[in-house]
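Structure record follows, encoded as structure tokens.
The values are calculated or read from the model by the stated rules, or taken from the named source; none is laboratory data. Computed from a predicted model, the values in this text were never measured in an experiment. Don't worry about glycine lacking a Cβ; one is built from the backbone with ideal geometry, like all the others, and counts go over all protein chains shown. SASA here: full protein model, heavy atoms, side chains in, ligands and nucleic acids out. Shrake-Rupley method; radii C 1.70, N 1.55, O 1.52, S 1.80 Å.
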Amino acid sequence: MPKATVTFEDIGVTVTVPAGTRLIEISEKVGAGITYGCREGECCTCLTRIVSGHEHLAAPSILEDQVLKDNLAPRHHRLACQAQVLGGNIVVKPA
Amino acid sequence: MLPSAVRPDCAVAVASGVHWIGALDPDLRSFDIILRTANGTSYNAYAVRGSAGVAIIDTVKASYAESFFRRLESVAGYDEITTIVLNHLEPDHSGALPELLRRAPAATLYVSHQARPMLKGLFDPAEFEHRIVAVGTGDTADLGDRQLEFINTPYLHWPDTQCTWLAATGTLFSGDFLGCHYCDPRLFNDAVGDFRFSFEYYYAHIMRPFRAHVREALDLIEPLPLRTIAPGHGPILRDDPRDYVRRYRALSAPSLHGADSKTLLVFYISAYGATRRMAEAVAAGAEQVGDVRVSLYDIEGSEPQPFVDLIEEADALLFGSPTINGDAVKPVWDLLSSLTMVDVKGKLGAAFGSYGWSGEAVPMIEDRLRRLKLRVPVAGVKARLEPTGDEFAACRELGRQTALHLLGRAEHRVVDMASLT
């Protein structure tokens with residue numbers, strides 16, 4: 001299975017993960033500061049800044065795009081409960 | 001009977017062309033479950049008349065809609081209403097909104113960008129879709145000879161909250177911000193009874209968890225030439241409104257002055273002394289790092305509230321609990337359930353504790369800390385009955401690693417997802 005790495009800048013941890021994993025699942029396990037509310041892509045609690053490697057995440061769904069827009073999310077920000085890792089190296093921190 | 005500024009079905013003048021058209025709810029004794037309201041509350045709504053139309057700012061709880069509409073009708077016709085502003089969508093302010101939109105078909109609804117997607121929880125937005133405008137700081141609504149200016153002040157106390165400024169009269173429509181639950185028919189702060197306790201209580205329970213956002217909002221509001229603050233609840237502040245702004249500034253300021261170092265608090269409770277000795281080892285480990293102010297507290301020694309005050313100012317929180325009947329003990333949960341009163345997001349957290357059989361307390365506390373939005377980067381330590389030398393060493397390491405994280409000196413770790421529990 002393809003692997004990727006996700007680095008959580010706020011706690012200084014890099015995690016090797018299988019492709020397809022959502023950012024929130026990794027954040028939860030490693031104890032990073034990205035937290036969630038609804039976990040269904042609506043509340044925007046898990047807004048996350050993608051410091052680098054945003055191209056290694058699956059493109060946002062129409063729903064996620066709308067929620068990001070509604071909440072005035074800056075560029076290269078994603079919902080951790082929705083964003084799936086595809087491969088490569090990704091660096092994130094809580095928004 | 002107290003003298004009253006409020007007469008049935010009549011609006012009350014607040015400033016030139018500005019009227020209060022809200023409702024009084026003197027018998028309410030608890031609000032949103034969590035607040036006691038010894039003096040009831042008011043649902044404040046306002047009408048602002050300009051040369052080109054009338055604006056209605058906020059509405060009331062649904063059960064008071066008819067009295068709100070009668071008051072509105074005493075100062076404006078529905079066909080004159082061009083503008084409706086909702087500073088906050090909670091039902092006590094939006095209860096009459098759908099009906100107002102129907103009665104005033106020419107009106108445009110102005111809400112914050114954050115409120116826009118929430119409207120679908122109140123009514124079918126399709127019915128009014130073309131009449132809704134999302135606004136932010138600097139946006140205005142034109143009433144002809146006067147303008148309403150919007151100020152985006154999120155998280156006071158919902159994501160959607162905003163304030164509306166009427167420069168023509170120096171009136172700030174502040175929503176829940178600077179409000180309180182205090183119902184008094186004399187309506188204005190220079191005429192009502194002593195409501196200072198309600199003002200402070202309201203801040204402590206509604207605004208305090210968002211004090212960083214309170215400070216950001218104050219930065220926007222303090223420069224305004226305020227003559228009147230017209231909040232969504234409680235007395236209208238026309239006498240020295242700036243005094244209330246100053247009070248919010250003081251209440252929202254960090255209370256620990258002169259503490260340059262990071263603070264790490266170790267809380268524990270212990271039946272036979274094992275968890276206490278673990279706590280001492282955790283604290284000793286953190287102390288080794290230096291540059292961190294380390295404190296140790298026995299949870300049995302206090303009510304939760306003083307600890308909550310301490311926690312608000314602290315940077316790292318470590319909790320030690322024995323496991324009894326498969327759970328952390330009640331005083332620990334009492335403290336952890338009190339933390340929604342303050343902002344703990346992003347602080348560091350960790351857990352440890354002694355147990356006899358299965359040791360659930362540590363992962364349960366870690367889960368709670370994560371749900372409170374703390375970071376929990378160092379795995380907790382649990383020890384069966386009396387900790388061994390290795391387990392005490394693990395406790396010292398837990399304290400040391402947490403302190404290092406606090407100072408940004410923790411070693412970068414690389415782990416595999418499969419190794420994480």
Between region B:290-341 and region B:192-229, how far is it from one alpha carbon centroid to the other, in angstrom?
28
Highest GNM mean-square fluctuation among B:Thr228, B:Thr171, B:Thr137, for chain B with Cα springs under 10 Å, belongs to B:Thr137
Answer rounded, prolate or oblate for region B:301-421, using the Cα gyration tensor with square roots of eigenvalues a ≥ b ≥ c: rounded when a/c is under 1.5, else prolate when a/b is larger than b/c, else oblate.
oblate
Which residues does a label at B:Arg413 reach in region B:286-301, if reach means a backbone N under 17 Å from a point 7 Å past the Cα toward the Cβ?
B:286
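With a cut-off of 8 Å between alpha carbons and a minimum separation of six or more residues, what is the relative contact order of chain B in percent?
Reported relative contact order: 11 percent.
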By the Kirkwood definition, with r running over pairs of different Cα atoms, the protein assembly as shown has a hydrodynamic radius in Å of 25.2
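Is the shape of region B:12-252 rounded, prolate or oblate, going by the alpha carbon gyration tensor and its root eigenvalues a ≥ b ≥ c, with a/c under 1.5 for rounded and a/b larger than b/c for prolate?
rounded
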What does the C-alpha gyration tensor say about the overall shape of region B:258-318? Classify as rounded when a/c is under 1.5, otherwise prolate if a/b is larger than b/c, or oblate.
oblate
How high is the FRET efficiency between B:Arg371 and B:Gln147 when r is their beta carbon distance and R₀ equals 35 Å, given to the nearest 0.05?
0.20
Report, in listed order, any pair from A:Lys29/B:Lys347; B:Lys120/B:Lys373; A:Lys29/A:Lys93; B:Lys262/B:Lys373; B:Lys120/B:Lys347 with a Cα-Cα distance greater than 22 Å.
B:Lys120/B:Lys373; B:Lys120/B:Lys347
How shielded is A:8-17 by partner chains, expressed as the average number of their Cβ atoms within 10 Å of its Cβ atoms?
6
Accessible area in the full protein assembly, largest first, 1.4 Å probe, for A:Lys29, B:Lys347, A:Lys69
A:Lys69, A:Lys29, B:Lys347
List B:Arg247, B:Arg102, ordered by accessible area with a 1.4 Å probe, largest first
B:Arg102, B:Arg247
Heavy-atom accessible surface of chain A: percent carbon and sulfur, 1.4 Å:
51
Do any residues of region B:391-421 lose at least 20 Å² of accessible area when the full set of protein chains is present rather than just their chain alone, and if so which, with a 1.4 Å probe?
B:His405, B:His412, B:Arg413, B:Val414, B:Val415, B:Asp416, B:Met417, B:Leu420, B:Thr421
Which FRET efficiency value, to the nearest 0.05, do you get for B:Cys10 and A:Lys69 by plugging their Cβ-Cβ distance into 1/(1 + (r/R0)^6) with R0 = 51 Å?
0.70
Might you work out the accessible area of B:Asp367 for me, using a 1.4 Å probe with all protein chains in place, and round it to the nearest 10 Å²?
90
From DSSP H assignment alone, runs of 4+ in chain B each adding -39500 (n - 2.57), the sum over residues rounded to the nearest 500 puts [θ] at 222 nm at -8000 deg cm²/dmol
Helix B:241-252: angle to the longest alpha-carbon principal axis of chain B, degrees 0 to 90, nearest 10?
10
Note on the protein assembly as shown, DSSP bridge orientation, antiparallel percent to nearest 5 equals 50
Distance histogram for chain B (every C-alpha pair counted, 10 angstrom bins, percent rounded to whole numbers):
4, 20, 25, 18, 15, 12, 5, 1, 0
Computed over chain B: longest principal axis from alpha-carbon atoms vs helix B:304-313 long axis, angle to nearest 10 degrees, is 90
Measure nothing but the geometry: give the 0 to 90° angle between the long axis through the Cα atoms of B:211-221 and the longest principal axis through the Cα atoms of chain B, rounded to 10°.
30
Please enumerate, by chain and number, the aspartates and glutamates with C-alpha under 17 Å from the C-alpha of B:Lys61, excluding those fewer than 8 residues away in the same chain.
B:Asp9, B:Asp25, B:Asp27, B:Asp32, B:Glu90, B:Asp92, B:Glu99, B:Asp176
Phi angles of region A:53-65, converted by Karplus (6.51 cos²θ - 1.76 cosθ + 1.60, θ = phi - 60°) into ³J(HN,Hα) in whole Hz with x for Gly and Pro, give x, 4, 6, 8, 9, 4, 4, x, 6, 4, 4, 5, 4
